[in-house]
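Notes follow the structure.
The values are calculated or read from the model by the stated rules, or taken from the named source; none is laboratory data. All of these numbers come straight from a predicted model, not from anything done at the bench. FYI the Cβ positions are ideal-geometry reconstructions off the backbone, even for glycines, and counts take in every protein chain you see. Note: areas computed on protein heavy atoms with side chains; ligands, DNA, RNA excluded. Shrake-Rupley method; radii C 1.70, N 1.55, O 1.52, S 1.80 Å.
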Amino acid sequence: MTKQLEVLILDDELIVGKRLKPAIEKMGCSVETFLEPKTALSRIDEKEFDIVITDIRMDDIDGIQVLEHIRKKTKHTLVIIITGYAMISLAREAMEKGAFDFISKPFKPDEIRRIILNAAEKLGLPLDYKIGSNREK
Amino acid sequence: MTSILVSSNDKTITTDIAKQLAEKLDYTHLGEQFLEDVAQKYNTTDEKLQKALNWLISAKLLSNKSIDLHLAYIQEAVLERFLTDNVVCEGLGAHLYIKDISHILNVRILTENSDLKNNRLDDKSGYLKNFRKIIDKTNFIRTGSSNNIFIYDENDSSFYDIALNLEKIGLENIVDTITTMAKNRKFKPMTYSRKMLKDLILASKLRVLLLPRFIDFQVETKDGTAIVTIKCTKRQKAKIAGEIKVIANAIPDIKFVEVHAVLKLSPLFKNSTT
């Protein structure tokens, strides 16, 4: 039986998790969402996720710190950065520190799904999902 | 993979470095030979494209419609080529219109003009002093040109990701330095940078289509929305906006067009896509 991809979403905007969770679950992934970085990091310390999607600008702990924390813990977890404040310097910093991908908000669900498919491929856990197969309104 | 832009005030040096980089990294070298492909794509001639490129590096400030159009052809074709990655580009003015794409490494080679350097040792007649004055003046005017056309001062090192002084570190070290930098993870392509490149490409495609009909305008695209700022009166705007939207329909990836009318378009924005 193929292992289900475990995804964690961290964003202090409620709407992001609310929209992304069903969109990614439709791909056959198991998804947990968090609003608070500290809570998310505690969960990351308990469980090894395959993919972590994190915002950058959050209170107390930012997405780059989350990325660094994950990178210290494991090489397995792929980190996808999402941000409404994309800049070339930030993008390069995230990639240098080991992010798998970097995408600016707003984005369409299919865009993040494409990244998840690539990430799953890289992890050796390809997903049986075709972009556009579940059109959302 | 990271793509690379190489530029300097000396064409020979730039081409030499670009060729060495392409060989070392197993990349495609995109130089003036690419003009043949552009000529074929747009059913024009190498000569007209070369004339447009020559204008770009000349001291002249005023262009004409043909130069603008041929520069737009070059810009669109070069930008599209970058979608395939693994490119080292030089001599096509790309360092002036490819900006803020995180996976494209923009390199400036700081060098004296080779004519000036070759005459350095013999200055009994005062030729060198006068020659230097001419070069300085050309650089000053060229700085003005690049400022007027593409906003950026191409002689300002801060505009580039890295500026390397050929006289101080030598050709081999320059090639090695750029090769090492290109392998750095921070210059890897990502969804964000690819999207920005696609936006530039869309804007350049629209520019190519609009130029035969309009002159003073600027095009910007983001996520399928094109914003065209054009010099015209409010009275003319409705008619012009209608024409622009019909023209933009020819590009399938442009979903929506916004047209802004301005009475005065700053020369800083002429010939630019952002």
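Which distance in nm do the two modelled labels at A:Ile61 and B:Lys245 give, with both placed 7 Å along the Cα-to-Cβ direction?
5.0 nm
Under a 10 Å cutoff between Cα atoms, tell me which one of A:Ile116, A:Ile61, A:Ile82 has the largest fluctuation in the Gaussian network model of chain A.
Among A:Ile116, A:Ile61, A:Ile82, the largest mean-square fluctuation in the Gaussian network model of chain A belongs to A:Ile61.
At 222 nm, what helix-only mean residue ellipticity would chain A give, in deg cm²/dmol to the nearest 500, using -39500 (n - 2.57) for each DSSP H run of four or more?
Calculated mean residue ellipticity at 222 nm is -12500 deg cm²/dmol.
Among A:Ile80, A:Ile44, A:Ile88, determine the one that fluctuates most according to a GNM of chain A built with springs between C-alpha atoms less than 10 Å apart.
Among A:Ile80, A:Ile44, A:Ile88, the largest mean-square fluctuation in the Gaussian network model of chain A belongs to A:Ile88.
For region B:1-87, count all C-alpha to C-alpha pairs, find those more than 16 Å apart, and express that count as a whole percent of the total.
57 percent
How many partner chain Cβ atoms sit within 10 Å of a residue's Cβ in peptide A:78-90, on average, as a whole number?
2
Taking the solvent-accessible surface of protein heavy atoms with a 1.4 Å probe, what is the per residue accessible area of region A:1-118 in Å²?
47 Å²
If I take all pairs of Cα atoms in region A:66-134, what percentage of them are more than 18 Å from each other?
Percent of Cα pairs beyond 18 Å in region A:66-134: 44.
Run the accessible area of region A:1-134 with a 1.4 Å probe and give the carbon-and-sulfur part as a rounded percent.
Summing carbon and sulfur atoms, their accessible area is 50 percent of the total for region A:1-134.
If I take R0 = 45 Å and measure r between the Cβ atoms of A:Glu96 and B:Lys237 in this structure, what FRET efficiency does the formula 1/(1 + (r/R0)^6) give, to the nearest 0.05?
Efficiency for this residue pair is about 0.45.
Rank these by accessible area, largest first, 1.4 Å probe: A:Lys26, B:Lys239.
B:Lys239, A:Lys26
Would you kindly find the accessible area of B:Val262, with a 1.4 Å probe and non-protein molecules such as ligands, DNA and RNA excluded, rounding to the nearest 10 Å²?
Accessible area of B:Val262: about 40 Å².
Could you list, bin by bin from short to long, the percent of Cα-Cα pairs of region B:160-274 in 5 Å steps?
2, 10, 18, 16, 12, 9, 9, 9, 8, 5, 2, 1
Residues of B:99-105, mean number of Cβ from any other protein chain within 10 Å of their own Cβ, rounded to a whole number?
Average per residue, whole number: 3.
Given R₀ = 22 Å, what would the calculated FRET efficiency be for B:Lys264 paired with B:Asn64, taking r from the Cβ atoms and rounding to 0.05?
The calculated FRET efficiency here is 0.60.
Pick from A:Arg19, A:Arg43, A:Arg71: which residue has the top mean-square fluctuation in a GNM of chain A where Cα pairs under 10 Å get a spring?
Of A:Arg19, A:Arg43, A:Arg71, the most mobile in the Gaussian network model is A:Arg19.
Roughly what would the spin-label model give for B:Thr12 and B:Asp216, points 7 Å off Cα along C-beta, in nm?
Placing both labels 7 Å along Cα→Cβ, they lie 4.3 nm apart.
Is the shape of region A:12-88 rounded, prolate or oblate, going by the alpha carbon gyration tensor and its root eigenvalues a ≥ b ≥ c, with a/c under 1.5 for rounded and a/b larger than b/c for prolate?
Here region A:12-88 falls in the rounded category.
Show me you know the interface measure: the accessible area buried between B and A, both chains summed, probe 1.4 Å, in Å² to the nearest 100.
The summed interface area works out to 1400 Å².
Quantify how strongly other chains surround peptide B:187-199 by giving the mean number of their Cβ atoms within 10 Å of each of its Cβ atoms.
6
Hey, any idea what Rg/Rh is for chain A, computing Rh the Kirkwood way over Cα pairs?
Taking Rg over the Kirkwood Rh, I get 0.93.
Once phi is turned into ³J(HN,Hα) by the Karplus curve 6.51 cos²θ - 1.76 cosθ + 1.60 with θ = phi - 60°, what whole-Hz value does each residue of region A:45-59 show in order, with x for glycine and proline?
Here the 3J(HN,Hα) series is 6, 7, 9, 8, 7, 7, 9, 10, 10, 9, 6, 9, 7, 9, 5 Hz.
Quick one: Cα centre-to-centre distance for region A:29-69 and region B:1-21, in angstrom?
42 Å
Straight-line reach from A:Lys3: which lysines have Cα under 16 Å away, leaving out those fewer than 8 places along the same chain?
Output for A:Lys3: A:Lys26, A:Lys47, A:Lys122.
Which entries of A:Lys75/B:Lys188; B:Lys48/B:Lys222; B:Lys186/B:Lys255; A:Lys73/B:Lys183; A:Lys73/B:Lys195; A:Lys130/B:Lys188 show an alpha-carbon separation above 23 angstrom in the structure shown?
B:Lys48/B:Lys222; B:Lys186/B:Lys255; A:Lys73/B:Lys183; A:Lys73/B:Lys195; A:Lys130/B:Lys188
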